[in-house]
Amino acid sequence: PLPASSHMGVDTNFTGLGMAQADQSGNFRKCWWLGDGELTYARGDRRSNRVDELAARAVDLAKTHGAALVIEDLKFADDREVSPKFNRMAHGFVYRRLLAAMERRAIRQGVRVVKVHPAYTSVIGALKYAHQYRLSIHQGAALAIARRGMGLKERVAKPLRKLVPDVWHLTEWKAWAALKKAAINKLKQREVKSLVSWPQHRKEVLGMAKLEA
């Protein structure tokens, strides 16, 4: 593989790929959204072609920017924090095909591939990076994936500690699990059931948490 000057994370979704580049220190550099609304409803050869074309775009982008490609490791698809997303991806077909196609093309193109456990990357993307860098949740997750591919840990930003005051006592993944639960519980008070709406309600929810502390 070609030497990589940075890492580019890929967050795989049923409507496309969120991508984000982190420099050698793990700092955010650029982001992209490679959308394709046909991934889950196209059939047969049409869907296979769409998957291959999207994978090619992702790998070519990483190669152009001299970045290692960091993707989700399929062997963790049954993890309880990963399986809901996996199941949404056309019962796993699109997920598997995209990851396999990206890996094959990267090998052919001489692009280094790094596989990571994707647990909580969407949570980190939503709660931490979407706000910090004004990214979509998918692009924020891609940044978390890129940084995980570099072996970096995700510290909990100070404002988020209002959600779980003793979060600093917890290990990294337990901390994000606790933050996810707390954030969703707060959102439910606003009749919202998903972190997808976190960016819109972030300021209000953190304000509530501060008052309750």
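The values are calculated or read from the model by the stated rules, or taken from the named source; none is laboratory data. Keep in mind the model is a prediction, meaning the values are calculated, not measured. Glycine gets a Cβ as well: all are built from the backbone with ideal geometry, and neighbour counts include every protein chain shown. SASA here: full protein model, heavy atoms, side chains in, ligands and nucleic acids out. Shrake-Rupley method; radii C 1.70, N 1.55, O 1.52, S 1.80 Å.
Every residue, every condition in (1) charged (D, E, K, R); (2) touching a strand residue (DSSP E or B) at 6+ places or on another chain (Cβ under 7 Å); (3) not in a helix (DSSP H, G or I), yes or no:
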site	(1), (2), (3)
Arg148	yes, yes, no
Pro159	no, no, no
Ala178	no, no, no
Arg190	yes, no, yes
Lys193	yes, no, yes
Gln200	no, no, no
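Could you please let me know if Ile145 is β-branched (Val, Ile, Thr) and open to solvent by 20 Å² or more (accessible area, probe 1.4 Å)? Considered against the rule, which asks whether it is β-branched (Val, Ile, Thr) and open to solvent by 20 Å² or more (accessible area, probe 1.4 Å), Ile145 comes out as no. Within region 191-202, restricting attention to residues that are of a type outside the set (S, T, N, Q) and within 18 Å of Gly140 (Cα to Cα), the residue that is most open to solvent (accessible area, probe 1.4 Å) is Val196.
Given the criteria of a type in the set (Ser, Thr, Tyr) and surrounded by fewer than 20 Cβ atoms within 10 Å (Cβ to Cβ), does Ser122 qualify? So Ser122 fails the test. Comparison of Lys186, Lys128, Lys153, Lys162 shows that the only residue that is closer than 24 Å to Gly26 by Cβ, surrounded by 14 or more Cβ atoms within 10 Å (Cβ to Cβ) and in contact with a helix residue (DSSP H, G or I) (Cβ under 9 Å, 6 or more places away or on another chain) is Lys128. Quick one: in region 161-176, of everything that is touching a residue at least 40 places away in the same chain (Cβ under 8 Å) and assigned to a helix (DSSP H, G or I), which residue is farthest from Arg112 (Cα to Cα)? The extreme case among them is Lys162. Using beta carbons and a limit of 6 Å, which pairs, at least six apart or on different chains, have the first residue in region 95-113 and under 17 Å from Ala67 (Cβ atoms) and the second one part of a loop (DSSP other than H, G, I, E, B)? Correct list of pairs: Gly110/Pro1; Gly110/Leu2; Arg112/Pro1; Arg112/Ala4.
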